[in-house]
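These notes are about the structure you will find just below.
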Amino acid sequence: MLQAPARQFRIIGALMRREMSTRFGREGLGFAWVIGEPLLFCFGVLLLWSAIKPEYEHGIRIGPFIMTGYMCLLLYRHMISFSVGALSGNVGLLHHRQIRTLHIFLARNLLEFLGGTAAFIIVYIVLLALGQVELPHNWLLLYAGWFTTAWVGFGIGLAFAGLSSRFDIMERLVPVLTYSMIPISGAFFMLHWIPQQFREVLLWFPFPHGIEMVRDGVFGHIAPTYYNASYAWFMGTVMQVFGLLLLAGAKNRVDLE
């Protein structure tokens with residue numbers, strides 16, 4: 001009975017190695033670029049905001065505030081963008097009997113999750129060494145928020161990928177939709193800072209919940225936070241099921257070609 005899960009892990013691991021090879025080449029830094037891309041983006045935004053913003057924003061230091069929001073936003077965007085092109089870029093693999101559509105998406109998203117997590121840890125360590133941030137107030141809440149962010153990002157990625165498999169125009173709309181996430185994600189503001197009526201509207205979206213959880217885990221009672229983890233996981237699951245249903249039909253069309 002243990003052979004089946006082990007085989008699935010081997011397939012996903014092989015697809016991850018193939019993804020790294022095709023995306024970054026067999027020579028050079030390889031997986032380091034998976035970490036380096038979000039790392040460079042985050043440090044760039046940190047330097048920019050540090051230059052134009054005061055040291056504290058609503059009693060919170062700007063460095064850790066941007067780190068907690070922007071790293072979550074990058075995780076969302078990377079998981080979505082690399083999910084949309086996953087099927088079209090790996091059509092040939094679906095003709096192998098052991099490989100399923102879900103394997104491809106799991107491999108891509110797990111790769112982005114590991115890279116984003118490593119980048120988050122590195123940025124945190126750097127800010128900790130510079131005295132910009134303290135150790136997390138609640139480690140478990142920080143982990144839960146980060147995994148919630150990834151779960152929702154995986155769901156959105158699958159839903160957009162499924163829609164893209166049915167409607168060609170979605171590939172052009174996805175970049176616009178991911179940018180439209182920025183003002184409703186809570187990456188560059190906290191829900192406590194906005195009026196209650198707008199806060200209640202934003203909480204209908206699943207994006208801010210994971211980010212608020214991460215910030216609650218890092219800052220603790222310094223900054224009031226608003227989130228519902230169960231709702232975020234429920235919405236992530238619904239989007240995953242929706243995306244997988246659409247992708248199952250896409251796989252059948254590919255097999256018939």
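The values are calculated or read from the model by the stated rules, or taken from the named source; none is laboratory data. Since the structure is predicted, the reported quantities are computational estimates derived from the model, not experimental observations. Ideal geometry is used to build each Cβ from the backbone, glycine not excepted, and the neighbour counts take in all protein chains shown.
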*Would you say ILE184 is assigned to a helix (DSSP H, G or I), in contact with a helix residue (DSSP H, G or I) (Cβ under 9 Å, 6 or more places away or on another chain), surrounded by fewer than 16 Cβ atoms within 10 Å (Cβ to Cβ) and without any contact (Cβ under 8 Å) to a residue 40 or more places away in the chain?*
yes
*Considering only residues of the range 7-50 that are part of a helix (DSSP H, G or I) and acidic (Asp, Glu), which is modelled with the highest pLDDT?*
GLU19
_Qualifying residues in the range 116-149 (those that are β-branched (Val, Ile, Thr) and either part of a helix (DSSP H, G or I) or modelled with pLDDT of 95 or more (or both)) - the one nearest to the chain's Cα centre (by Cα)_ = THR149
*Go through the range 195-215 residue by residue and tally those that are in a helix (DSSP H, G or I), more than 18 Å from the chain's Cα centre (by Cα) and not polar (S, T, N, Q).*
5
_Return the residues of the range 162-176 that are surrounded by fewer than 16 Cβ atoms within 10 Å (Cβ to Cβ) and hydroxyl-bearing (Ser, Thr, Tyr); say none if nothing qualifies._
none
*Report whether or not GLY157 is surrounded by 13 or more Cβ atoms within 10 Å (Cβ to Cβ), among the small types (Gly, Ala, Ser) and under 22 Å from GLY63 (Cα atoms).*
no
*asked:* Being within 26 Å of LEU245 (Cα to Cα) and of a type outside the set (Lys, Arg): is that true of THR148 here?
replied: yes
*Report, by residue number, each residue of the range 201-224 that is exposed (fewer than 12 other Cβ atoms within 10 Å of the Cβ) and not hydrophobic (A, V, I, L, M, F, W, C).*
HIS221
_Single condition SER83 does not satisfy, out of (1) in a helix (DSSP H, G or I); (2) at pLDDT below 75_ = (2)
*Tell me, yes or no, whether the range 170-177 has at least one residue that is within 30 Å of ARG97 (Cα to Cα), under 23 Å from the mean Cα position of the chain (by Cα) and at pLDDT below 90.*
yes
